[in-house]
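In what follows, a structure is listed as structure tokens, so that the remarks can point back to it.
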Amino acid sequence: MKLRNAKRVMAAAMLSIMTMSLVACGGKGDDSSSKEETTKKEAVKGEKPEAVSEEDWKAMQKEPVFGTEIHYLFNGGACVSAKYMAEVQGYYEEYGINATYMEGESVVQTVGTGQCQWGTDHIATMLVPVTNNVKMTFVAGAHVGCKSIFVPKDSDIKTMADLKGKTIAIHDGLGNSDQNICYRLLDEYGVDPTKDVEFLDIADSAATIKALETGEVDASIFSDYFVLANYKDDMRMVGSITYSPEFQDEACCVTAMNTDFIKNNPVHAKYVVMAIKRAGQFNRLNSDEAIQAMYDTDKMTGEKEIQQVFWDSLNFGLSDKFTENALHEIAEDYLRLGVITNKDLTVDDVMDMAWTEVCPDEEMPEGYTVSDPVEPKGAVVPIERKENPATMEGFGL
């Protein structure tokens, strides 16, 4: 794994060789202890950030991570970009937090083991591990949608109900996010995912396309971006957590945080989430600028027009109430469908493990807005969407 700082990427010429010698996951060189202590002392002597209350600043100085560099997971890409945009825009710094990203394995592996302290991924990827006592919990909703079930354009399959008796390709193994997303999509339209369809795990997307062409599989779940960028004229969407009306009230991805980090550093955790929520709003309302920042720091490739359509489809920045409601519904379905295999757990048990409001929406700065496509009951922050989001004719439902 490689540790790289966004600010270092954008100002690499100003860095010293000593700075670049840091290793991933919090590893230190021989003199790192003294350097860390010096950094911490300097931070203690520094002035309180304007955006942090006097009470919180005093509390932060007593927390173990105060004045140190804190790592979060980011491997690039649009879906999980808000936590990185918080660094690019300087939001962490505004709260006196020195946060830098690391590249590495999955959120479950890195955040769950404390190699880094927060990361973003699919609920479908992380919820089951959370119920199996991986040491992380969800602290903020990221966005809506990003994956859909597609068939070849000339397929006789027109609706989700037509998938009964068919074979669907997935790409990250049985029991993981692709299959879990398919389970709920199928279940929503009356197809029993445990009996009515077969799943075939194909790791390589090119091989999946070949399997669709030969009829080895009838449909496949893909990232919307993958099809937009490569096969928008050859594929047809039949069900989607991005575009299906039935899924407009659900978060797709969430930010997870290490539970020990929250326990030992609650004020830092609060301001980290505050920064990420602000970045979600920035991603949504200033998508052109956000996307350009991703290109400028080599965190995004491909045709910008396609990236813009995908980015604007995600509805970055969700309210806590919206995210909590979605988690509750997903937990119910996972228990009923057997995705969560621990039969002793109730929905309330799952929610206790999976949802922690370390920075409630009520504590966000003035002017904060969210993107909730469906306004939840008990909403406390206004909804504001980007005017004229980018779309692609013929793509969607």
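How many percent of all Cα-Cα pairs in the chain sit more than 28 Å apart? Each step should come with its number before you reach the end.
Numbers: 37214 of 78606 pairs.
Counting pairs separated by more than 28 Å, the tail of P(r) holds 47 percent.
Once the 1.4 Å probe is applied to the protein heavy atoms, the chain comes out at 44 Å² accessible per residue.
Out of all DSSP beta bridges with both ends in the chain, state the antiparallel percent to the nearest 5. Working shown, then result.
On the way: 21 of 34 bridges.
If we restrict to bridges inside the chain, about 60 percent are antiparallel.
Compute the angle between helix 205-214 and the longest alpha-carbon principal axis of the chain, please, reported from 0 to 90 degrees and rounded to the nearest 10. Orientation of helix 205-214: about 0 degrees from the principal axis. Using all pairs of distinct alpha-carbon atoms, the Kirkwood hydrodynamic radius of region 48-98 works out to 12.2 angstrom. Counting only aspartates and glutamates at least 8 places from LYS232 when in the same chain, those with an alpha carbon closer than 14 Å to its own are ASP154, ASP224, GLU303, GLU305, GLU393.
Computed over protein heavy atoms with a 1.4 angstrom probe, the accessible surface ordering of ASP56, ASP172, largest first, is ASP172, ASP56. Relative to the longest principal axis of the Cα atoms of the chain, the long axis of helix 266-285 lies at roughly 50 degrees. Take the Cβ atoms of ARG385 and ASP296, set R0 to 22 Å, and the FRET efficiency comes out at 0.30. Ranking GLY112, THR125, TYR225 by how far each Cα lies toward the positive end of the dipole of the chain (charges on Cβ) leaves GLY112 at the top. Here region 110-177 and region 315-362 have alpha carbon centers that stand 14 Å from each other. Between the alpha-carbon centres of region 283-303 and region 72-98 there is a gap of 13 Å. Dividing the C-alpha radius of gyration of region 338-397 by 2.2 N^0.38 Å, with N its residue count, gives 1.69.
Full-extension gain between THR113 and GLU332, please, as 0.36 nm times their residue separation minus the C-alpha to C-alpha distance. Let's see the in-between values first.
Details: separation 219, 0.36 × 219 = 78.84 nm, distance 2.68 nm.
Here the segment from THR113 to GLU332 would lengthen by 76.2 nm.
Pairs from the table (LYS164/LYS210; LYS166/LYS377; LYS58/LYS277) lying more than 27 angstrom apart at Cα are LYS166/LYS377.
With only Cα atoms counted, region 95-139 has Rg and Dmax values of 11.1, 34 Å. Our compactness index for region 193-245, the C-alpha radius of gyration over the empirical 2.2 N^0.38 Å, is 1.18.
For the chain, what does -39500 (n - 2.57) per DSSP helix run (n ≥ 4), summed and divided by total residues, give at 222 nm, in deg cm²/dmol to the nearest 500? Don't skip to the answer; put the middle values down first.
Working: 17 runs with 155 residues, N = 397.
Roughly -11000 deg cm²/dmol at 222 nm, from the helical runs in the chain.
To put it simply, the accessible area of region 213-343 at a 1.4 Å probe is 43 percent carbon and sulfur.
Given a cut-off of 25 Å, name the pairs among LYS83/LYS153; LYS48/LYS83; LYS158/LYS386; LYS158/LYS195; LYS48/LYS386 whose C-alpha atoms lie farther apart than that in the structure shown.
Details: LYS83/LYS153 36 Å; LYS48/LYS83 23 Å; LYS158/LYS386 32 Å; LYS158/LYS195 20 Å; LYS48/LYS386 34 Å.
Where the Cα-Cα span goes over 25 Å, the pairs concerned are LYS83/LYS153; LYS158/LYS386; LYS48/LYS386.
Neighbours of GLU198, meaning other residues whose beta-carbon lies under 13 angstrom from its beta-carbon, give a summed charge of -2 when Lys and Arg score +1 and Asp and Glu score -1.
The values are calculated or read from the model by the stated rules, or taken from the named source; none is laboratory data. These numbers come from a predicted model, not from an experiment. Positions of Cβ are backbone-derived with ideal geometry, glycine not excepted, and every protein chain shown enters the neighbour counts. Remember, those area values only see protein heavy atoms, side chains included, never the ligands or the DNA or RNA. Shrake-Rupley method; radii C 1.70, N 1.55, O 1.52, S 1.80 Å.
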